[in-house]
């Protein structure tokens with residue numbers, strides 16, 4: 001037997017409706033906010049992620065699935081959605097269309113890392129990218145969209161954490177102060193953070209190592225260093241969220257794991273998901289369009305892991321109704337009855353009513369067991385008497401009642 005690769009997962013028929021539920025909610029919420037779907041390739045030229053995500057990030061350094069194709073070109077399976085969307089935005093001239101461009105996607109992503117609960121090597125994201133608007137109300141709107149989605153799927157006990165990491169100018173001042181502080185404690189940092197210290201000291205703030213977290217707890221705070229423009233922007237974001245009735249907490253250690261972020265960054269964190277508590281993360285990335293060859297244009301977005309959402313729903317015992325169950329299963333008791341079952345099922349399907357019938361030559365008891373397994377709402381028994389009288393005996397599987405329904409009236413009965 002050949003097994004699936006480590007870090008991947010089959011979505012089986014008995015679970016696929018849960019994915020469809022989450023994806024449906026994502027599309028509904030995106031529509032309410034005026035976002036349109038964009039679909040980008042599963043793989044990109046590696047340069048897209050080197051320039052966009054950043055060469056100092058763990059994703060680029062350790063986690064990307066990168067290979068040379070037969071033409072010798074370096075290709076990477078997308079590790080996240082934003083860089084590919086921005087590449088498409090630039091390449092297809094979407095900056096010349098109506099702005100802001102409000103885009104969303106539901107896509108597969110790939111990262112080579114240790115598989116754990118809610119974190120696989122092949123995973124799926126619902127993401128939003130709003131491009132073209134620099135005002136704080138765009139930040140607040142994107143955060144509201146993320147919150148609306150999380151609530152729409154039925155998840156509660158999720159907290160919003162905010163931070164501003166400033167622009168490239170004021171962040172430089174902060175990085176110098178942070179580097180000076182961390183250099184004094186260099187030997188106590190984990191090996192990875194010792195390496196990060198020279199390349200991108202902000203990434204040390206994101207470390208999950210307990211010793212590093214203890215050190216960074218007393219590190220200089222970036223909110224004490226951001227310039228007046230960035231500070232005013234952040235205050236407006238907070239004001240607008242308050243106007244919308246959104247509660248939030250300030251976490252000065254949120255920097256996100258990607259180099260393209262500027263100013264507002266945020267996370268929604270659940271208390272019901274264990275060690276991997278972040279459900280959704282995002283922020284502003286005002287320099288990314290220019291980095292990928294476009295004009296200087298602001299942007300902001302977020303991504304939600306669909307596997308994380310499903311794990312949360314399971315942990316909180318959220319029941320999702322399966323809309324794919326068969327409405328009626330016909331149980332014929334002979335060859336001629338089977339022909340009638342075929343005819344009736346075909347008629348129902350043509351009228352948008354899900355129907356099935358026995359294909360296996362089972363006895364009547366086995367047919368009822370099968371109908372129960374597939375969750376059929378009704379079982380329509382057709383025996384010789386029913387065939388002679390032109391009726392089907394419809395049994396309500398939930399209530400147990402039986403009703404004789406004429407063949408020509410079955411559509412009306414089921415609707």
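The values are calculated or read from the model by the stated rules, or taken from the named source; none is laboratory data. All of these numbers come straight from a predicted model, not from anything done at the bench. Heads up, the Cβs are rebuilt from the backbone with ideal geometry, glycines too, and the neighbour counts pull from every protein chain shown.
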Residue in the stretch 323-330 that is within 30 Å of residue 309 (Cβ to Cβ), in contact with a strand residue (DSSP E or B) (Cβ under 7 Å, 6 or more places away or on another chain), surrounded by 15 or more Cβ atoms within 10 Å (Cβ to Cβ) and at pLDDT 95 or above present: yes
Residues located in the stretch 186-244, provided they are in a loop (DSSP other than H, G, I, E, B), over 20 Å from residue 173 (Cα atoms) and not assigned by TED's automatic domain parsing to the domain that holds residue 256: 189, 190, 207, 208, 209
The stretch 269-280 - residue that is more than 22 Å from residue 11 (Cα to Cα) and surrounded by fewer than 21 Cβ atoms within 10 Å (Cβ to Cβ) and, of those, modelled with the lowest pLDDT: 275
Among (1) at pLDDT below 95; (2) within 21 Å of residue 131 (Cβ to Cβ), the one test that residue 251 misses: (2)
Top-ranked residue of the stretch 307-322 - restricted to ones that are touching a helix residue (DSSP H, G or I) at 6+ places or on another chain (Cβ under 8 Å) and crowded, with 20+ Cβ neighbours inside 10 Å, ranked as farthest from residue 385 (Cα to Cα): 309
Given (1) more than 30 Å from residue 197 (Cα to Cα); (2) under 20 Å from the mean Cα position of the chain (by Cα); (3) in contact (Cβ under 8 Å) with a residue 12 or more places away in the chain; (4) assigned by TED's automatic domain parsing to the domain that holds residue 104, number of the condition residue 64 does not satisfy: (1)
Some residue of the stretch 8-25 being more than 23 Å from residue 149 (Cβ to Cβ), modelled with pLDDT under 95, touching a strand residue (DSSP E or B) at 6+ places or on another chain (Cβ under 9 Å) and surrounded by 16 or more Cβ atoms within 10 Å (Cβ to Cβ): no
Selection status of residue 283, crowded, with 22+ Cβ neighbours inside 10 Å and modelled with pLDDT of 85 or more: yes
Boolean, residue 169 is under 14 Å from residue 222 (Cα atoms), surrounded by fewer than 16 Cβ atoms within 10 Å (Cβ to Cβ) and touching a residue at least 12 places away in the same chain (Cβ under 8 Å): yes
Test: residue in the stretch 68-78 that is more than 30 Å from residue 323 (Cα to Cα), touching a residue at least 24 places away in the same chain (Cβ under 8 Å) and within 16 Å of the chain's Cα centre (by Cα): yes
Matching residues in the stretch 92-136 - criterion: being more than 30 Å from residue 229 (Cβ to Cβ) and without any contact (Cβ under 8 Å) to a residue 24 or more places away in the chain: 92, 114
Strands (runs of 3 or more DSSP E) enclosed by the stretch 69-171 - at least 3 residues per element that are in the same structural domain as residue 289 (by TED's automatic domain parsing) and under 25 Å from residue 254 (Cα atoms): 101-110, 122-131, 158-164
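For (1) in contact with a strand residue (DSSP E or B) (Cβ under 8 Å, 6 or more places away or on another chain); (2) touching a residue at least 12 places away in the same chain (Cβ under 8 Å); (3) crowded, with 17+ Cβ neighbours inside 10 Å; (4) under 24 Å from residue 315 (Cα atoms), each residue gets a yes or a no:
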residue	(1), (2), (3), (4)
228	no, no, no, no
238	yes, yes, yes, no
261	yes, yes, yes, no
265	yes, yes, yes, no
289	yes, yes, yes, no
298	yes, yes, yes, no
302	yes, yes, yes, yes
Subset of the stretch 382-401 [surrounded by 12 or more Cβ atoms within 10 Å (Cβ to Cβ) and under 15 Å from residue 328 (Cβ atoms)]: 382, 386, 391, 392, 393, 394, 395, 396, 397
Selection within the stretch 323-336 - in contact with a helix residue (DSSP H, G or I) (Cβ under 7 Å, 6 or more places away or on another chain) and either assigned by TED's automatic domain parsing to the domain that holds residue 277 or under 17 Å from residue 378 (Cα atoms) (or both): 323, 324, 327, 328, 329, 330, 331, 332, 333
Filtered residues of the stretch 9-46 (kept if more than 16 Å from the chain's Cα centre (by Cα), touching a residue at least 24 places away in the same chain (Cβ under 8 Å) and assigned to a loop (DSSP other than H, G, I, E, B)): 33, 34, 41
All positions within the stretch 375-405 that are more than 41 Å from the chain's Cα centre (by Cα) and over 19 Å from residue 337 (Cα atoms): 401
